[in-house]
Amino acid sequence: MQQAGIGDAVRRKEDERLISGRGSYADDLPIEGVARAVVVRSPHAHAHIRSIDVEAARQHPGVLAVITGADVARAGLKPIPHAVGSSHQGSDVPLRNRDGSERLATEQLLLPTDRARFAGEAIVVVIGETLAAARDAADLVEITWEPLPAITLAAQAVSAGAPQLWEHVPGNVALDAEIGDARATDAAFAKAAHRVRLETRIQRVTGVHLEPRAVIASYDPTTDRYTVHVTHGLGVVQQATELAAILGVERSQVRVIAPRDVGGNFGTRNATHPDFALVAYAARLIGRPVKYVADRNEAFMSDYQGRDLTVAAEIALDAKGTILAMRSDNLSNIGAHAASFVPLNKGVQLMTSLYAVPTAHYRARAALTNTPSTIPYRSAGRPEAMYVIERLMDLAAAQCGFDRVKLRRRNMIPAKALPWRNPVGVTYDSGEYEKVMDRALELADWAGFPLRRKAAKARGKLAGIAVANYIEGTSGVPRERADLTVLADGHVDLVIGTQATGQGHETAFSQIVAEWLGVPFGTVNVRAGDTDFVKAGGGSHSGRSVRFGSIVIRAAADEVIRKACEIAALLLQAPAGKVRFADGRCSVEGTDQALDLFEIAATAAKSNDLPENLRGPLTGSCEKVTPGLCFPYGTCVCEVEVDPDTGDVAIVRYTSVDDVGRAVNPMILHGQAHGGIAQGVGQALMEECWYDRDSGQMMSASFMDYAVPRADDLPSFVTDISEVPASSHPLGFRSGGEGGTTPALGVVINSIVDALRHLGVRHIEMPATPAKVWQAIQDARETAPT
């Protein structure tokens, strides 16, 4: 049987079933007698609902129920309890309003009764015997609208006289915070030899999951209990807790099951959708299971989205290039409902990245607009922050005459200075930042670029190269639980509270258990995603799964080993102090007497001669809260060739080195890096949720208009892993799934600008589409001195 432990690049357990077509997704679940739900959505970005007539829909053949906001209110269903937090919660730098008050929350009703606040918001749900019947009936719903002015950009929303989304949120600003030292920052700018400024917008994108969101719910009147199968990454415990709060029942009355396979997450599945609770309510209403699967257009229009940050930032430098201070005004577009402030918070506290900037001051605002809510999306706020500081570094080099690499090296926090407290109070743990940058430059053959640039020019292309560094501050729900059971049949059962959505948990956790219990990798069975056996845990987000999962698995494994050694001492009639555990066996020192874990488990399961506390299943459990941040870091190098006649950008080389503290499975980590790079490159070059500024309609709600990178858009990546144990983690692990995305935005744009710098191009906004790049070239040529 295959042996694999921590550090082995073993193939994923999941892949055999996935590549052979045996994956099991929500739409594959064989549930008998299931009715279908169709959602009637608002065609307006902002409009009063004057009346809703559903009688014709209710009378349509095959219709089982039609649900409106008034029905939801009469049933006593509550708003979605979004986890917006407060300035007194969590491990991040607290953000509170400048007047000392708390951030403002908004109510997201399952179905609004007063007005729609974004195009695509759910207004009515139709339940039919078939999908066709429900769709036909949905077309019969008559809604009288009174359209209102819509705003889709954060800068619009906070301008004087802008339409108000919520009466209790003046100026559409849900949060207006300041962090850092304004006086010291102003003083540093006053004495600076150089000031470099960037005004930019990191555009809105969406998760584009391969599997659109889906939910199937049933209700058992004999037990007064709901069962909800739902595609999400929030974690079944948290999802059940939120659904119970909405439905007005006890947590024990809601069983949540995540399908074994979920087609992608990236953070934008990690909040409760109205569909989830509406389908559960409908199942109770009609006495049958109900299923809802969003189509792709619905997903584009109503999924939670990501990014969307408007920034005006500035750094001050002395004559030699040492950064003296940084300041920034960060304006986050959080959409129509305040679902999360995490991206704003996570980004603003890391604006100085891994550079030794002594002082900083930031303003952080969250604006409400007529768009879907934004929540954490792969690396939550850090790609935006790294984009800004890395653009500023390249702008400073160009403006002030510094070498780009030397400027970064000069300002990088040295290993001997760690732990390092950044200017807003975040303390980085351990690392070798400069060593990782040097490794990336070496792998990318930075020194050989001039020859490649010359060769590209001979082919009529403009070549550019850039380097970008990054640091993250991951956290996530701090509570996690693991339950380990060694079975007499030769298997080990692990129940964990994280939630896999494609990351390879079955493999990585099996490796961890195999390493610490000394059992074959193939004997470990990982179970998650069902509140009937998962008692606690926080799902998957902010790189928390292995980070927190490893801590509780280690403690649970230690408990199993302790019990096993006690049982072995009794069975082998040896002093307890003489029994040692190694390689899955408990042996008596100085003898050949030994029992393996499975033999011990078999005896414990059936023996009545053991003390009561050692009888029964050989188990170990741990539930633990681990507060604090984790700090993955790394460097990437991107090389592009630009066609000056068309503006087309080809990424010809891409190198990334990421420090993960300790690698459980290097192959999985390389895969995560590849996927993360693709998502970051996608945002830099092509992806955008584009809304018409007048109507508020999403104009990129299909793959005809929303571009995502394809395989032939990307080169073969060169990725490497650094392993400097994290001093902030008892086992040395850092998060490892988001580093590919975090620096990608900045390095891609910097490489394009480098290719065009000789023409006078200083900046290009994302996404850097061929049209934008071509226009930048034309503008530069028109303004160039003759």
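The values are calculated or read from the model by the stated rules, or taken from the named source; none is laboratory data. Not measured: the values here are computed from a predicted model. Counting neighbours? That spans all protein chains shown, and the Cβs are built from the backbone with ideal geometry, glycine included. Calculation scope for accessible area: heavy atoms of the full protein, side chains included, ligands and nucleic acids excluded. Shrake-Rupley method; radii C 1.70, N 1.55, O 1.52, S 1.80 Å.
Summary of computed values
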{"item": "Qualifying positions in the stretch 21-55 - within 28 Å of the chain's Cα centre (by Cα) and farther than 21 Å from A214 by Cα", "result": "A45"}
{"item": "The stretch 754-786, subset among the small types (G, A, S) and not in a helix (DSSP H, G or I), residue modelled with the lowest pLDDT", "result": "A784"}
{"item": "Failed criterion for E566 (all others in (1) at pLDDT 90 or above; (2) outside any helix (DSSP H, G or I) hold)", "result": "(2)"}
{"item": "Unique residue being of a type in the set (S, T, Y), in a helix (DSSP H, G or I) and either touching a strand residue (DSSP E or B) at 6+ places or on another chain (Cβ under 8 Å) or over 25 Å from S607 (Cβ atoms) (or both) when the list is S540, S510", "result": "S510"}
{"item": "Tally of residues being under 23 Å from L131 (Cβ atoms) and open to solvent by 50 Å² or more (accessible area, probe 1.4 Å) across the stretch 61-103", "result": "2"}
{"item": "Criterion violated by G248 - all others in (1) modelled with pLDDT under 95; (2) surrounded by fewer than 23 Cβ atoms within 10 Å (Cβ to Cβ) satisfied", "result": "(1)"}
{"item": "Positions within the stretch 164-205 being in a loop (DSSP other than H, G, I, E, B) and open to solvent by 40 Å² or more (accessible area, probe 1.4 Å), in sequence order", "result": "Q164, E167, H168, D181, K191, A193"}
{"item": "Any pair with Cβ under 8 angstrom, 6 or more apart, that starts in the stretch 55-69 at a residue that is on the phi > 0 side of the Ramachandran plot and ends at one that is open to solvent by 60 Å² or more (accessible area, probe 1.4 Å) and part of a loop (DSSP other than H, G, I, E, B)", "result": "G62/E129; G62/T130"}
{"item": "Residue among E515, E472 that alone is touching a residue at least 24 places away in the same chain (Cβ under 8 Å) and open to solvent by 20 Å² or more (accessible area, probe 1.4 Å)", "result": "E515"}
{"item": "Residue, farthest from V708 (Cα to Cα), within the stretch 648-683, restricted to residues that are open to solvent by 40 Å² or more (accessible area, probe 1.4 Å) and in contact with a Pro (Cβ under 8 Å, 6 or more places away or on another chain)", "result": "R662"}
{"item": "Residue in the stretch 559-569 that is among the aliphatic types (A, V, I, L, M), surrounded by fewer than 23 Cβ atoms within 10 Å (Cβ to Cβ) and free of Cβ contacts under 8 Å to residues at least 24 places away in the same chain present", "result": "yes"}
{"item": "Pairs where the first residue, in the stretch 154-166, is at negative phi and of a type outside the set (S, T, N, Q) and the second is open to solvent by less than 30 Å² (accessible area, probe 1.4 Å) and part of a helix (DSSP H, G or I), C-beta under 8 Å, 6+ apart", "result": "A157/N172; V158/N172; A162/N172; L165/A157; L165/N172; W166/N172"}
{"item": "Cross-chain or 6+ apart pairs with Cβ under 7 Å, the stretch 114-133 first and within 18 Å of Y281 (Cβ to Cβ), then among the charged types (D, E, K, R) and assigned to a strand (DSSP E or B)", "result": "E121/R41; A122/R41; I123/R41; G128/R36"}
{"item": "Residue tally, condition touching a helix residue (DSSP H, G or I) at 6+ places or on another chain (Cβ under 6 Å) and either open to solvent by 10 Å² or more (accessible area, probe 1.4 Å) or modelled with pLDDT under 95 (or both), over the stretch 117-149", "result": "2"}
{"item": "Residue under evaluation A73, criteria (1) modelled with pLDDT of 90 or more; (2) out of contact with any Phe, Trp or Tyr (no Cβ under 8 Å at 6 or more places or on another chain); (3) part of a loop (DSSP other than H, G, I, E, B); (4) within 30 Å of E102 (Cα to Cα), criterion not met", "result": "(3)"}
{"item": "Any hit, the stretch 463-473, residues being in contact with a helix residue (DSSP H, G or I) (Cβ under 7 Å, 6 or more places away or on another chain) and at pLDDT below 95", "result": "yes"}
